[in-house]
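In what follows, a structure is listed as structure tokens, so that the remarks can point back to it.
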Amino acid sequence: MMDLIKLKSGDRRALSKTISMIESGEINSAIIKEKFPNIKTAEIWAITGSPGVGKSCICEYIIGDWLKNNQKIAVLAVDPSSPLSGGALLGDRIRINNSDNSDNIFFRSLATRGQSGAIPSNISDILDLLSALNFEKILIETVGAGQAEVRVAAVSQYLLLVEAPDSGDMLQAEKAGLMELADILLVNKSDLERANEKAEQLSLAFQLSSNHSPPILMVSAKQNSGFEELFLEMEKLSKSGKNHKIKSRISLSFAWENLLWNHKDVSKVLEKLESEQITLDEAINHLKEEL
Amino acid sequence: MDERLRIIIAKPGLDGHDRGAKVVARALRDAGHEVIYTGLRRTPEEIVRTVIDEDADFLGLSSLSGAHNFLIPKIVELLVASDCNDVIVFAGGIIPEKDRGNLFSKGVRAIFGPGTSSTQMSDFIGSAVKRRDESLPVGCGEDSDWHWD
């Protein structure tokens, strides 16, 4: 069971043990809400993008900037679980070196644990816990697995999307999805030749739709350039206090999915589906009835 | 898979070779565990911080630089000071036979050299977990002579 006294005194081990209990389902959102009524939500940022675009390196810069202001920070770095073994290799700490050096930062790697999509389903409970323990800023780093990833928008307040030169042709920029939800678009590796071209493509894609155009910034994590501008934009957003749009729509679908995966009969129904004892329609009807 | 464990694989000190650590990390991942790899050249303090934040069950320390006699006992000492007595510590790399007894006496529960198979490692992890489940001492700060041969 969670140790409230230790948790409130700032004991890191108690916090990390409690997160494990949330991950395993031992503690659910009802318990957290009961123990910590009136949670004031922390400022939650998510950073996402395709594998290899440089998310972790950019995180290191952002964390460095936040640490300057002496704020209490939590980082949740999400990596996928293997669909075959259920295991995971969590390697984001390698690139975020400043994470181990300050008492003001709590860094936790999370595996997706076999749920569909690219963030663990109980991440919102972990965010509630961190908020209740007075973490001021939370950064979620996650692999941009494509469309399903819009769910990071459901749990975060601000979304940074990282792109890199040569990551897909013009058509990729025209595709809908996460890009429409981004609050800031970053083109990393600006030291590479085709970075300008990439930024132009992105900007063109947004010019065609008039409703939303986030700032498009060029940075180079390798050369430490462009970050002052990023920090300014982030501060502007943070002061504006606005949520990114159509959030409620995604929140609803995310919550709905959580209901499904936490349904008491879900493994039974899956088993029957796999062995073809029931049809998909029958499965849905059964789950609906019991909801 | 019996139980999903959280295992840290760490490279303490000034040692730039991590092929072995990566192979071990990968083998443990394939055995169904959540493995956190720290990357190269970590200080004992950084490693202990990682163990705490990640709520690790096991800590694997890889050393090929010859500094194991200093770094490994130091890490165990810091773990105990941080109330992590129950974390199970094992080591790997180039650790001569003559140094092993001392490390075992400091709370290290297994030492794997070149040529170790992933089955041997799984067997160690299985035995250590069994001891833990039976409330027998096995953590780095728990008093016991037990170690894996």
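Summary table
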quantity: Strands (runs of 3 or more DSSP E) completely within the range A:37-145 that count 1 or more residues being of a type in the set (D, E, K, R); calculated: A:43-49, A:73-79, A:105-111, A:137-143
quantity: Residue in the range B:104-111 that is open to solvent by 10 Å² or more (accessible area, probe 1.4 Å), more than 11 Å from chain A (Cβ to nearest Cβ), assigned to a helix (DSSP H, G or I) and of a type outside the set (Gly, Ala, Ser) present; calculated: yes
quantity: Candidate set: the range A:245-266, residues that are assigned to a loop (DSSP other than H, G, I, E, B), more than 22 Å from A:TYR158 (Cα to Cα) and open to solvent by 60 Å² or more (accessible area, probe 1.4 Å); chosen: the one modelled with the highest pLDDT; calculated: A:LYS264
quantity: Every residue from the range B:124-149 that is aliphatic (A, V, I, L, M) and outside any helix (DSSP H, G or I); calculated: B:LEU136, B:VAL138
quantity: Extreme residue, farthest from the other protein chains (Cβ to nearest Cβ), among residues of the range A:63-111 that are among the hydroxyl-bearing types (Ser, Thr, Tyr) and open to solvent by 10 Å² or more (accessible area, probe 1.4 Å); calculated: A:SER102
quantity: All positions within the range A:1-34 that are more than 13 Å from chain B (Cβ to nearest Cβ), in contact (Cβ under 8 Å) with a residue 40 or more places away in the chain and over 19 Å from the mean Cα position of the chain (by Cα); calculated: A:LEU7, A:LYS8, A:ILE27, A:ASN28, A:ILE32, A:LYS33
quantity: Some residue of the range B:123-131 being farther than 22 Å from B:ALA21 by Cβ and touching a strand residue (DSSP E or B) at 6+ places or on another chain (Cβ under 8 Å); calculated: no
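The values are calculated or read from the model by the stated rules, or taken from the named source; none is laboratory data. Here the structure is a predicted model, which is why all the values come from computation and not from measurement. Cβ coordinates were reconstructed from backbone atoms using ideal geometry, including for glycine residues, and neighbour counts include every protein chain displayed. Note: areas computed on protein heavy atoms with side chains; ligands, DNA, RNA excluded. Shrake-Rupley method; radii C 1.70, N 1.55, O 1.52, S 1.80 Å.
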